[in-house]
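S.K.: What follows is a single structure, and I will ask about it in a moment.
The values are calculated or read from the model by the stated rules, or taken from the named source; none is laboratory data. Remember, predicted model here, so these are calculated numbers, not experimental data. In this analysis, Cβ positions are derived from the backbone assuming ideal geometry, glycine residues included, and neighbour counts consider all displayed protein chains.
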């Protein structure tokens with residue numbers, strides 16, 4: 001895909017996530033609706049633990065630490081993606097992974113800044129509550145695992161120092 005197409009999809013997914021959250025916050029925040037036989041519910045909640053890991057393990061990691069972590073994650077993703085495109089720029093899978101991960105990370109940052117957490121609204125009974133951006137990230141992970149498996153022979157030769165050398169050459 002062209003950079004313009006990738007940018008279009010990133011902006012579209014971010015807009016979709018945020019528009020849905022604005023509608024939920026304005027009109028449906030107090031609703032609790034059984035969607036699928038007592039297994040899946042529409043149940044909006046602001047996750048003020050800032051992340052699933054922080055919530056699950058009660059780590060107590062604060063707001064600013066999460067903001068910094070989110071920004072660093074976006075930067076590291078962009079560095080890794082730039083490296084991958086430099087050496088393999090014809091992969092639709094890489095384009096999709098890029099779109100999903102960058103969209104999810106930016107949505108996460110927006111949530112933390114504007115909601116003081118994440119507006120999650122899809123509840124899986126006895127498990128957890130999540131939102132659309134979590135689906136973006138999970139989809140990106142699934143496709144990443146598939147891609148890693150598909151290209152495992154090429155990946156066996158990869159070393160982190162290759163990224164450092166790549167960026168030294170470009171500077």
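S.K.: Report yes if residue 93 is modelled with pLDDT under 95, assigned to a strand (DSSP E or B) and touching a helix residue (DSSP H, G or I) at 6+ places or on another chain (Cβ under 6 Å), otherwise no. So that I can check it myself, show each step before the final result.
M.R.: Working: modelled with pLDDT under 95: yes; assigned to a strand (DSSP E or B): no; touching a helix residue (DSSP H, G or I) at 6+ places or on another chain (Cβ under 6 Å): yes.
So residue 93 fails the test.
S.K.: I would also like to ask the following. Do we find that residue 102 is part of a helix (DSSP H, G or I) and loosely packed, with under 13 Cβ neighbours inside 10 Å in this structure?
M.R.: When the stated conditions are applied, residue 102 does not pass them.
S.K.: When only residues in region 143-171 that are modelled with pLDDT of 80 or more and surrounded by 12 or more Cβ atoms within 10 Å (Cβ to Cβ) count, which is nearest to residue 77 (Cα to Cα)?
M.R.: Let us first name the residues in region 143-171 that are modelled with pLDDT of 80 or more, namely 143-150.
Filter once more, so that each one left must be surrounded by 12 or more Cβ atoms within 10 Å (Cβ to Cβ): 143-144, 146-147, 150.
Details: 143: 15, 144: 13, 146: 18, 147: 16, 150: 20 Å.
For region 143-171, the residue satisfying everything is 144.
S.K.: For residue 108, are the conditions met, namely being in contact with a strand residue (DSSP E or B) (Cβ under 8 Å, 6 or more places away or on another chain), crowded, with 17+ Cβ neighbours inside 10 Å and part of a helix (DSSP H, G or I)?
M.R.: yes
S.K.: Related question: Determine whether residue 107 is free of Cβ contacts under 8 Å to residues at least 12 places away in the same chain and within 23 Å of residue 25 (Cβ to Cβ).
M.R.: No: the conditions fail for residue 107.
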